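Derivation of every value follows stated rules applied to the coordinates shown; laboratory data play no part. These figures come from a predicted structure and were not determined experimentally. Note that each Cβ is placed from the backbone with ideal geometry, even for glycine, and that neighbours are counted across all protein chains shown.
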Amino acid sequence: MFGTENFIDKSIETLSSNIPGKAIIACSGGVDSMVAAALTSKAIGSRLLAVYVDTGLMRKGETEEVRGMLEEIGINFRIVDASEEFFDSLKGITDPEQKRKTIGGLFIKVFEREAKEFGSKYLVQGTIAPDWIESGDGVRDTIKSHHNVGGLPKEMGMTVVEPLRDLYKDEVRDIARTLGIRSSERQPFPGPALAVRCLAEVTPENIEVVREACFIVEDELKKAAEEGKTEIPWQYFAVLLPTRSVGVQGDRRAYGRTIAIRAVSSADGMTATYSRIPMEILGKISARITNTMKDQVNRVVYDITDKPPATIEWE
Ligand code: XMP
């Protein structure tokens, strides 16, 4: 079995000796970066600055939630609003790899700026094993460039430290629970955020649609689970598709967007099985999405593919 306590002690020791100066860490609020931040902060204290980049691509209420979590852990942190920069750079991009690489590059640009101001020479990242395995290691094929791997420019001027590099998600969650980090109960969320759930162009309007749809999927599944009608899946969200289809609204023709619902069970994200959500719940989610976003969405579909052959995210 994975020795959580042992890993925590050892990694604090290694981090103290590997980071002689100031360090910066990107904190998304996800379990990986929160655990990496908590461990590094235990090792080097206020020499660590955690930076949360508000990309404009986050889930509903997420920035305020992350602020609360960072305050709870009691580390040195800053919240940077870079949403305009992200939307500007993503204009016109629909290719998934180009999107991921643009986002990765922008993250690094923002961090480099923050690191310079803080005087940091080290960049701590919450990279875990599936991130670099799936980003291609020279042996395996590149499935998708995870933002914290594929986007790294060669000359970034900071030494990268990755304390969780050899771990899988379930192991990181064990550590989070041991450290008392609240995010251990959150579902996984990709670094490029809602951008990879928006198969259309990444605009504030499209992101708002997918943000609201993701919120509805989460809210309805949590309610259904509380009522004992289903289990909470490992990961569950909505995707905005680039197609339009014909529908009716009142007695008028509509030509609206499609939302796909994705829910999977998995242990570590490497393989996944689609969740057998009861039809009644799916129907409720569908009705709420089309009612809330009458003018945008007129069709909802459920993704019934496992990984492989699909991946969990659509991009
Ligand atoms: P896929 O879509 O490759 O995803 O089956 C496996 C798990 O990883 C998450 N994911 C990411 N996590 N950076 C991350 O930190 C990323 O770029 C990224 N892309 C996908 C995904 O949500 C799933 O849990």
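To the nearest 500 deg cm²/dmol, what mean residue ellipticity at 222 nm is calculated for the chain from DSSP H runs of n ≥ 4 alone, each contributing -39,500 (n - 2.57), summed and divided by the residues?
-13000 deg cm²/dmol
Under 21 Å Cα to Cα from residue 229, which lysines show up? Leave out anything in the same chain fewer than 8 places away.
Those lysines meeting the cut-off are 284.
Which order do the peptides 3-10, 185-192, 200-207, 25-32 take when ranked by the mean count of other beta-carbon atoms within 10 Å per residue, highest first?
Ranked from most to least packed, the peptides come out as 25-32, 185-192, 200-207, 3-10.
Leaving out same-chain residues fewer than 8 places away, which aspartates and glutamates sit with a Cα under 13 Å from that of residue 109?
Hits, sequence-local ones excluded: 85, 117, 155.
Taking H as built 1.01 Å from N, whose amide H comes closer than 5 Å to the amide H of residue 22, not counting residues under 5 places away?
The answer is 121.
Going by a ≥ b ≥ c, the root eigenvalues of the Cα gyration tensor, does the stretch 189-300 fall in the rounded group (a/c under 1.5), the prolate group (a/b larger than b/c) or the oblate group?
It comes out oblate by the Cα gyration axes.
In the neighborhood of residue 288, defined by Cβ-to-Cβ distances under 12 Å, what is the net charge if each Lys or Arg adds +1 and each Asp or Glu adds -1?
Net charge around residue 288: -1.
Given contacts defined as C-alpha pairs under 8 Å and at least six residues apart, what's the relative contact order of the stretch 216-268, whole-number percent?
The normalised contact order for the stretch 216-268 reaches 35 percent.
When DSSP assigns beta bridges and you keep just the ones with both residues in the stretch 198-302, what percent turn out antiparallel, to the nearest 5?
Approximately 70 percent, going by the DSSP bridge assignments.
Which of the residue pairs 60/223; 60/121; 22/144; 10/169 have a Cα-Cα distance greater than 26 Å in the structure shown?
Long pairs (Cα-Cα over 26 Å): 60/121; 22/144.
Which FRET efficiency, nearest 0.05, do residue 85 and residue 159 yield, Cβ-Cβ r, R0 25 Å?
That pair, residue 85 with residue 159, gives E of 0.50.
Rounding to the nearest 10 and keeping the result within 0 to 90°, find how far the Cα-based axis of helix 204-226 lies from the longest principal axis of the chain.
90
Calculated FRET efficiency, residue 273 and residue 205, Cβ-Cβ r, R0 35 Å, to nearest 0.05?
The computed FRET efficiency comes out at 0.55.
With a ≥ b ≥ c taken as the square roots of the eigenvalues of the C-alpha gyration tensor of the stretch 4-185, please select rounded if a/c is under 1.5 and otherwise prolate if a/b is larger than b/c or oblate if it is not?
Note, shape of the stretch 4-185 comes out rounded.
Non-local amide H neighbours of residue 202 (under 5 Å, H modeled in plane, Pro and chain starts lacking H): which ones?
Counting only residues 5 or more places away or on other chains, the set is 92, 93.
Give me a comma-separated list of calculated 3J(HN,Hα) values for the stretch 88-97, in order, Karplus coefficients 6.51, -1.76, 1.60 applied at θ = phi - 60°, integers in Hz, x for any Gly or Pro.
Per residue, the Karplus-derived 3J(HN,Hα) values read 4, 6, 8, 3, x, 8, 10, 5, x, 5 Hz.
Given an 8 Å cut-off on Cα distances and at least 6 residues of separation, report the relative contact order of the chain as a percent.
16 percent.
Between residue 226 and residue 109, what's the calculated FRET efficiency when r is the beta-carbon distance and R0 is 35 Å? Round to 0.05.
Efficiency, from the Cβ-Cβ distance: 0.25.
Starting from 0.36 nm per residue, how many nanometres of slack lie between residue 303 and residue 246 once their C-alpha separation is accounted for?
18.5 nm
Looking at the chain, what % of its DSSP beta bridges pair antiparallel, to the nearest 5?
40
Using θ = phi - 60° and the Karplus curve 6.51 cos²θ - 1.76 cosθ + 1.60, what whole-Hz ³J(HN,Hα) does each residue of the stretch 297-302 get, with Gly and Pro shown as x?
10, 10, 8, 10, 10, 10
Would you pull out the residues with amide H under 5 Å of residue 249's amide H, same chain only if 5 or more places away, H placed 1.01 Å from N?
254
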